[in-house]
Amino acid sequence: MSGIEIEGLRPLEGEVTVQGSKNAVLPMMAAAVLNRGTTVLHNVPRIRDVFCMLDILRAMGCECRLEGHTLVIDARTVSRIAVPREYVASMRSSIVLLGTFLGRCGEAATFYPGGCVIGSRPIDIHLDGLRKLGAVIENSGEKIVARTAGLSGGRIHFPYPSVGATENVLLAAVTAHGTTVIEGAAREPEIAGLCRMLVGMGAKISGIGEGTLTVEGVSTLCDSEYTAPGDRIVAGTYLSCVVSAGGRSYLKGVNAQELKGVLKVLRRMGADIETAPAGIRVYMGRRPGPAGIKTAPYPGFPTDLQSPFLSLLSVSDGCGWVWETVFEERFATAEELRRMGADIEIAGRKARVHGRYPLHGTTVTAPDLRGGAALAVAALAAEGKTEICGCSHILRGYEDLCGDLKSLGAKIRQQPGGA
Ligand code: UD1
């Protein structure tokens, strides 16, 4: 997809099913490698990050079949322990394969994922955690090689509840000897989902959903099937779209409990929201009101929805603010929004936004995955045509942003010639 064109100022109306969660499925795919057999995952989103993880698993000897949204991974035939370098740059979360391959093969190698546009993203917490379980890690600053004569459980205290580090250590601990206690673990719903899947495979984990996870190592895992949850970040993006454009919609396939903090902010901005066991209904009959947002680890406001909300604040009828506490450089969208007429002042990790309505359509460039989607949120409240370039970022995490918004009545078009 090379670019997307959106003509704004049209209310949205209708129903859309939210895709399966990217951040849940990626570590689940890694978890499947721990089983010397077959694992089936349902509700797998057909997005670029999933395709990339599939390429990695295939390169490492797994047989993988994605049919529709069902993925079958046969990990009997793992033949390689090193993640090929070409994939590491395009998908940072391949780092969770370190824990998996250490657990499965006693050896793992990958390349340092490096920085990215939203911040430096170090992996010290991952590596310290794996060392505490008995891994010997050589880190040249470029290549990481981890080896162990056998992982043993231990007590690990994370200085920060890193999502990726929690997943990495969890995956390593599942088949380690003895008991591992992870204190200060991340509590994101995707981690609870991963734990439930692992329990279905025969792992012994307690404290699921809490800040302390206890894992009793087991020697083998078994074949299993698991359905990935709906993507709360995609749901939050679509809610932002409706609140930006105005209108009435029903989002199916998402657990509203996981979006509690986000729904609270949307209500404060004037949205009418009803939650049901299988989805969220939203109605917005006016321009959004202002709000203040501070991102934080779950259950705080998700950093992945900061950019879409920056767009909403840009069209609100007042002055709002954003305080980004998770990633130090996650304001690249602001520059693009300014091109559409937004009034945003950035000082360090804080942004002050003076709402203006409507914005005006122009050509903008997706700076990153969520920033790209945020530009669509802004375009829905912009006069005239907005052309969003660099949409390959969006394909990393959204299966069909264009199709979904079109089904809600947006005037949106994928530019011809796009992949
Ligand atoms: C995951 C999500 C990402 C989300 C983020 C925070 C996936 C595939 N990605 O990313 O969408 O935005 O959680 O909710 O699930 N940190 C360290 N040292 C470490 C690890 C992290 O200092 O070893 C810092 C990071 O630089 C960052 C913060 O901790 O400032 C949060 O990072 P982390 O929770 O690890 O995010 P990811 O797992 O990379």
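Data table
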item	result
Protection-proxy order for peptides 9-19, 380-390, each taking the mean of Cβ atoms within 10 Å per residue, highest first	380-390, 9-19
Cα gyration tensor, the range 34-158 - rounded (a/c under 1.5), prolate or oblate	oblate
Separation of alpha-carbon centers, the range 139-214 and the range 224-282, rounded to whole Å	29 Å
Against the rule of thumb 2.2 N^0.38 Å, how large the Cα Rg of the chain comes out	0.98
Percent of Cα pairs exceeding the 20 Å cut-off, where the set is the range 97-227	41 percent
DSSP beta bridge pairing in the range 22-227, given as percent antiparallel to the nearest 5	75 percent
Percent accessible area from carbon and sulfur atoms, the range 22-227, protein chains only, probe 1.4 Å	48 percent
Per-residue SASA entry for residue 126, accessible area with 1.4 Å probe, Å² rounded to 10	10 Å²
Across 252/294; 22/204; 260/294; 22/385, pairs whose alpha-carbon gap is larger than 18 Å	252/294; 22/204; 22/385
Accessible-area order (highest first, 1.4 angstrom probe) of the listed residues 328, 86, 335	86, 335, 328
The chain: antiparallel DSSP beta bridges as a percent of all, rounded to 5	70 percent
Integer Hz, Karplus 6.51/-1.76/1.60 couplings in order for the range 287-299, x for Gly and Pro	5, x, x, x, 7, x, 10, 10, 6, 6, x, 4, x
Per residue value of the accessible surface for the range 1-117 (all protein chains in place, 1.4 Å probe), Å²	35 Å²
R0 of 56 Å, Cβ-Cβ distance residue 406-residue 107: FRET efficiency to nearest 0.05	0.70
Taking the chain and dividing mean pair separation by its residue count, relative contact order in percent (alpha carbons under 8 Å, at least six apart)	21 percent
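The values are calculated or read from the model by the stated rules, or taken from the named source; none is laboratory data. Being a predicted model, the structure only gives us computed values, none of them experimental. Backbone-built Cβ (ideal geometry, glycine too); neighbour counts: all protein chains shown. With ligands, DNA and RNA removed, areas are computed over all heavy atoms of the protein, side chains included. Shrake-Rupley method; radii C 1.70, N 1.55, O 1.52, S 1.80 Å.
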